[in-house]
Each structure stands twice: as structure tokens, then as C-alpha cells.
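Structure first, then comments.
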Amino acid sequence: MRRRTMGVTAAVLAVSAFAAQTAAAAWYPVNFHFATGFTAGFFTPGSAPAGADDWSCKPSAAHPEPVVLVHGTLENQDDNWGGAAPLLADNGYCVYTFDYGGPASWSPIQGVNSVEDGAAVLSSFVDQVLASTGAAKVDIVGHSQGGMLPRYYIKDLGGAAKVAKLVALSPTNQGTTLDGITELGRKLGVLEPANDFLSVPCDACVEQEIGSSFLTALNAGGETVPGIAYTVVGTKDDEVVTPYTNAFLPAAPNVVNLTVQDQCALDQSDHLEIAYDPVALTDVLNALDPAHPQPVPCEVVLPVTGPLVG
């Protein structure tokens, strides 16, 4: 009778332990559609997307660097990363994200203050992540401004010693004409002498223009740092980084430049959808773990609204 009771108790404990383990290893649904992801997260700045900001997470031997996600201009952490955060968490990463550069912490619109100010927030946040996880370095994944801003952190704020990989989705590395709007404004004289029209609501917009003094200084003397692996994913249908090739970094042994349509001609992701795009997000996974590449999917993906099926 005692042996039977002990056997039942052991079985119950085993089931309880399995249930606890299963509960701990939560599986998060991944959104591949910008339109629904942005709508769901726009009014919740300050809230982390599913899978992110678990401050009890400890990096595994398979993924020793925690991943920090950096949102883009006019976006926030919740509406920008509704696809990447749960996907990375489901693949075993400790994932963290934050807001920066907004007129107020509660504002749905973030990332409009100067890039320098945003990079300072990133610097403090990386230190917080490293202290919490015990990791030596982080990997950074950024979208738009969020893919370029970490380069300032790496070059000018001591980030070179704290970053292993930088993966950027449609970053503004070489600046943008904002689809010709700023060029038109310059010719009309409404943005001269110092782009005053844009600098009032969005310092970061001015700094991301082609030929800005900020980008000129950032790119002077080389755009990458040895020892850091850089991956850039761009799309030919980008309507914000124009021309789209301005997203890319100069060729170097530690640089990989990828174009979505070169991997899948059916994919029409634009600047907004690329942060949710199945091809781009698979590129993120493969850049973070190149030793275990996953097959890149190919399906019809529309600008803004995302995959046609599913």
C-alpha cells in the first residue's frame, strides 16, 4: 500500500512539474500583418509586446545574447514589434524593448526627438538588460530609425563593447529623401535654412535626411565597427527610405545586405510591413543564429496589410 501511495505521489509530482514547465515555456502567437499589429499596439505605448520584457529570463547556451528591439520614427515598442517579439521569444531568446524619443511617455508617437537623445536611452536600457540577464553583450534588432540609431550608440556612446550583432530592417543608414518630399521642400525653400519646418515636430526626421550633418558625422571614418556582425534587410517597395538601397551598409567582411524581393519575388513588403514580414523576420532569426539557418518562406505579401493568406 505504501509503495502504491509513493508511486501515485511520484506520478502526481511528475505531472505537476511537467505542467509548471509547460506553463513557463509560454508560446506566443506571432502577427505577420503590420495593419493589425500596429492598430493593436498604437495606443499602448509603454506596454511591451507579447514575449518581451520578461525580466526573469536568463539567456540559454544556445542564445547567450539577449535581444534588444529598437522601434522606428513615429512608432512605439508595442505597435512596431508585435511580430518580432513573440517570434524571438518562441525561438528561445530573452527579448527586451522600450520606448524612446516621444513628446511624453504616454504618447503613442515615439522616436521624434533627436537620434542622439534616443541613443542615450538605448545605452541606459542595454545596461539594464545586461545587469538583469548577466550577459556580456546584447544583440540589437532595429526598424527604420531604430536600425540606424544603434550605430551612433556603438560608435559614440561606448556600445561597441556591449553589442555582438546588429540586425536592421529598412534602416536609414544613408539617409532618405522621404520619397521626394524633403527634396521638393528644399527646392521650394520651405525647409531652409535648417529644415525648421520639420525640426519643430521631429528632430529625428531632419537628422535622417540625405546629407544631414548628423548622418555625415555618423558615417565619417567608416560605418561599421570590427567585431560586430551587421545584417541589413531592405525592400524594393520601401516608400520611406528612398532610394531603398540607402538602407544598406558598405560591403565589408562583417556586413550582410539582403533584399526581400531577391529572396521572394512575391513579397511586396513596404517600409511598414517589413517589421512584420515573414521573409524579413526569418532573416532576423538567421542573422542572430547563422549556425542554424531556417528556410526562408515565400508567399504573397502586400504592403501594409501583410500576407495575403493567413
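The values are calculated or read from the model by the stated rules, or taken from the named source; none is laboratory data. Being a predicted model, the structure only gives us computed values, none of them experimental. Note that we place each Cβ from the backbone using ideal geometry, even for glycine, and neighbour counts take in every protein chain shown. In case anyone asks, the SASA skips ligands and DNA or RNA and just uses the protein heavy atoms, side chains included. Shrake-Rupley method; radii C 1.70, N 1.55, O 1.52, S 1.80 Å.
Just to be sure I understand the filter: pairs with C-beta atoms under 7 Å, separated by 6 or more residues or on different chains, first member in region 108-123 and under 12 Å from Gly142 (Cβ atoms), second member surrounded by 17 or more Cβ atoms within 10 Å (Cβ to Cβ) and among the β-branched types (Val, Ile, Thr). Which pairs pass?
Qualifying pairs under 7 Å: Gly111/Thr73; Leu122/Val70.
Kindly provide the set of residues from region 212-232 that are free of Cβ contacts under 8 Å to residues at least 60 places away in the same chain and over 17 Å from Phe248 (Cβ atoms), ordered by number.
Ser212, Ser213, Thr216, Ala217, Ala220, Gly221, Pro226
Can you pull out every residue in region 41-82 that is more than 15 Å from Tyr276 (Cα to Cα), at pLDDT below 95 and out of contact with any helix residue (DSSP H, G or I) (no Cβ under 7 Å at 6 or more places or on another chain)?
Those that are more than 15 Å from Tyr276 (Cα to Cα), at pLDDT below 95 and out of contact with any helix residue (DSSP H, G or I) (no Cβ under 7 Å at 6 or more places or on another chain): Phe43, Gly46, Leu74.
(1) open to solvent by less than 10 Å² (accessible area, probe 1.4 Å); (2) not in a loop (DSSP other than H, G, I, E, B): which one isn't true of Ser124, the others all being true?
Condition not satisfied by Ser124: (1).
Based on this model, can you work out whether Leu130 counts as under 25 Å from Leu285 (Cα atoms), assigned to a helix (DSSP H, G or I), open to solvent by 10 Å² or more (accessible area, probe 1.4 Å) and among the hydrophobic types (A, V, I, L, M, F, W, C)?
When the stated conditions are applied, Leu130 passes them.
Listed here are the residues, each with its yes/no results for (1) modelled with pLDDT of 95 or more; (2) aliphatic (A, V, I, L, M).
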position: Tyr96; (1), (2): yes, no
position: Ser105; (1), (2): no, no
position: Val121; (1), (2): yes, yes
position: Ile140; (1), (2): yes, yes
position: Leu149; (1), (2): yes, yes
position: Tyr152; (1), (2): yes, no
position: Asp156; (1), (2): yes, no
position: Ala164; (1), (2): yes, yes
position: Gly185; (1), (2): no, no
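For region 283-303, does any single residue satisfy the condition of being touching a residue at least 24 places away in the same chain (Cβ under 8 Å), hydrophobic (A, V, I, L, M, F, W, C), more than 30 Å from Ala61 (Cα to Cα) and touching a strand residue (DSSP E or B) at 6+ places or on another chain (Cβ under 6 Å)?
Yes: region 283-303 contains one or more residues that are touching a residue at least 24 places away in the same chain (Cβ under 8 Å), hydrophobic (A, V, I, L, M, F, W, C), more than 30 Å from Ala61 (Cα to Cα) and touching a strand residue (DSSP E or B) at 6+ places or on another chain (Cβ under 6 Å).
Which residue out of Ala168, Ala217 is of a type outside the set (Ser, Thr, Tyr), modelled with pLDDT of 95 or more and outside any helix (DSSP H, G or I)? Break it down stepwise before answering.
Values: Ala217 fails: outside any helix (DSSP H, G or I).
Of Ala168, Ala217, the one residue that is of a type outside the set (Ser, Thr, Tyr), modelled with pLDDT of 95 or more and outside any helix (DSSP H, G or I) is Ala168.
Of everything in region 259-310, what is in a loop (DSSP other than H, G, I, E, B) and of a type in the set (Ser, Thr, Tyr)? Give them in sequence order. Break it down into steps so the answer makes sense when it comes.
At the first step, the residues of region 259-310 found to be in a loop (DSSP other than H, G, I, E, B) are 264-266, 268-272, 276-277, 289-300, 303-305, 308-310.
If the condition is that a residue be in a loop (DSSP other than H, G, I, E, B) and of a type in the set (Ser, Thr, Tyr), then Ser269, Tyr276, Thr305 are the ones that fit.
Could you check Gly92 against (1) surrounded by 24 or more Cβ atoms within 10 Å (Cβ to Cβ); (2) part of a loop (DSSP other than H, G, I, E, B) and say which number it fails?
Checking Gly92 against (1) surrounded by 24 or more Cβ atoms within 10 Å (Cβ to Cβ); (2) part of a loop (DSSP other than H, G, I, E, B), the one that fails is (1).
When Tyr230 is evaluated against the numbered criteria (1) outside any loop (DSSP other than H, G, I, E, B); (2) over 16 Å from the mean Cα position of the chain (by Cα); (3) of a type outside the set (A, V, I, L, M), which criterion, by number, is the only one it fails?
(2)
Output the residues belonging to region 51-72 that are crowded, with 24+ Cβ neighbours inside 10 Å and farther than 19 Å from Asp127 by Cα.
Gly51, Gly72
Among the candidates Val256, Val225, single out the residue that is in a strand (DSSP E or B) and either at pLDDT below 95 or in contact with a helix residue (DSSP H, G or I) (Cβ under 8 Å, 6 or more places away or on another chain) (or both).
Val256
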